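The values are calculated or read from the model by the stated rules, or taken from the named source; none is laboratory data. It should be emphasised that the depicted structure is a prediction, and the values quoted were computed from it without experimental measurement. Every residue, glycine among them, receives a Cβ derived from its backbone with ideal geometry; neighbour counts consider all protein chains shown.
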Amino acid sequence: MKEILLVAFMWFHLTAAIIWLGGIAFILIVALPAAKQVLQGGAGGLMGEVTKRFTPMANLSILFLFLSGIFLVVINGNFSGEGLEGVSGAAMLLKILLFLLMAGVHFFRGKVLAPRIAKIQSDGEKARLQRLSLNLVWLNLGSGLVVLLLSVFVGAR
């Protein structure tokens, strides 16, 4: 029974990671450049709609990553002192910290930064905050790729 639960929660965990990180990569590498090229000045409207549709999936993915991650740590015994030793323990700790950073960035952008951008009248200030928001998305993509790399260290033990 333990193995079935482990496989199910690992599947939920990996699926959530693929949806969140894959969505970020798709938006940054495919959708945004294509929208800017084809729509030029109207790219913001399209990207606003894309973001509106992606955000609930990202939120759900974050929740699934959090819950399944806790379950996987508990069922694998990684919460004990010996589970946090060595390279795999350091990798697990860094994975958790990066996940928390990524979730914090995601919710900061959605709950704090996006409403501020929407209210600003000054084009210069709006452009500056939009660049900040975009840079934070790039930060999340890079952090997510590092989390994937760290997962190899954790899984190889």
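Structure summary
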{"read-out": "Flag for ARG116 being basic (Lys, Arg) and touching a residue at least 24 places away in the same chain (Cβ under 8 Å)", "value": "no"}
{"read-out": "Hey, GLY89 in contact with an Asp or Glu (Cβ under 9 Å, 6 or more places away or on another chain), on the phi < 0 side of the Ramachandran plot and part of a helix (DSSP H, G or I) or not", "value": "yes"}
{"read-out": "Residues (of a type in the set (Ser, Thr, Tyr) and out of contact with any His (no Cβ under 9 Å at 6 or more places or on another chain)) located in the stretch 3-61", "value": "THR15, THR51, SER61"}
{"read-out": "Long-range neighbours under 9 Å by Cβ, at least six apart or interchain, first residue at pLDDT 95 or above and assigned to a helix (DSSP H, G or I) within the stretch 19-45, second of a type in the set (Ser, Thr, Tyr) and surrounded by 12 or more Cβ atoms within 10 Å (Cβ to Cβ)", "value": "ILE19/SER61; TRP20/SER61; LEU21/SER61; GLY23/SER61; ILE27/THR51"}
{"read-out": "Residue selected from the stretch 1-11 under the condition in contact (Cβ under 8 Å) with a residue 40 or more places away in the chain and out of contact with any Leu (no Cβ under 8 Å at 6 or more places or on another chain), by the criterion surrounded by the most Cβ atoms within 10 Å (Cβ to Cβ)", "value": "LEU5"}
{"read-out": "Which numbered condition ASN76 misses (of (1) farther than 21 Å from THR15 by Cα; (2) surrounded by 14 or more Cβ atoms within 10 Å (Cβ to Cβ); (3) at pLDDT below 90)", "value": "(1)"}
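Listed here are the residues, each with its yes/no results for (1) surrounded by fewer than 17 Cβ atoms within 10 Å (Cβ to Cβ); (2) more than 27 Å from ILE29 (Cα to Cα); (3) charged (D, E, K, R).
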position: LEU94; (1), (2), (3): yes, no, no
position: VAL105; (1), (2), (3): no, no, no
position: ARG116; (1), (2), (3): yes, no, yes
position: VAL152; (1), (2), (3): yes, no, no
position: ALA156; (1), (2), (3): yes, yes, no
